[in-house]
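Laboratory data are not the source of any read-out in this text; all were calculated from the coordinates shown. It should be emphasised that the depicted structure is a prediction, and the values quoted were computed from it without experimental measurement. A quick note on method: Cβ atoms are made from the backbone with ideal geometry, for glycine too, and the neighbour counts reach across all protein chains shown.
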């Protein structure tokens, strides 16, 4: 099971975590931007219905346990 989070905007890329604890720690770490947990329904809306396996994925620059799903609006 995966857990999702992102920033509080519809064009956010989506961070994917292996555990709820990892996701919650990331959300609660200091950031100048609001970080929020995302449900699978919210994920579907944010990613415009694209299947997860069709999206570009990138490793996080600072934490190799985080994989980012790149929002299609940011793929230009």
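Here the label points at residue 20 and residue 62, each 7 Å from Cα along the C-beta direction, are separated by 2.6 nm in the simple model. The modelled label-to-label distance for the pair residue 29/residue 54, using points 7 Å beyond Cα in the direction of Cβ, is 3.1 nm.
Among 33, 17, 44, 62, rank each residue by its count of other Cβ atoms within 10 Å, from fewest to most, as a rough exposure measure.
62, 33, 44, 17
Let a ≥ b ≥ c be the square roots of the eigenvalues of the Cα gyration tensor of region 4-46; is it rounded (a/c under 1.5), or, if not, prolate (a/b larger than b/c) or oblate? Oblate, because a/c is 1.5 or more while a/b does not exceed b/c.
Distance between the 7 Å Cα→Cβ label points at residue 70 and residue 40: 2.6 nm. When the Cα gyration tensor is reduced to axis lengths a ≥ b ≥ c, the ratio a/c stays below 1.5 for the chain, which is therefore classed as rounded.
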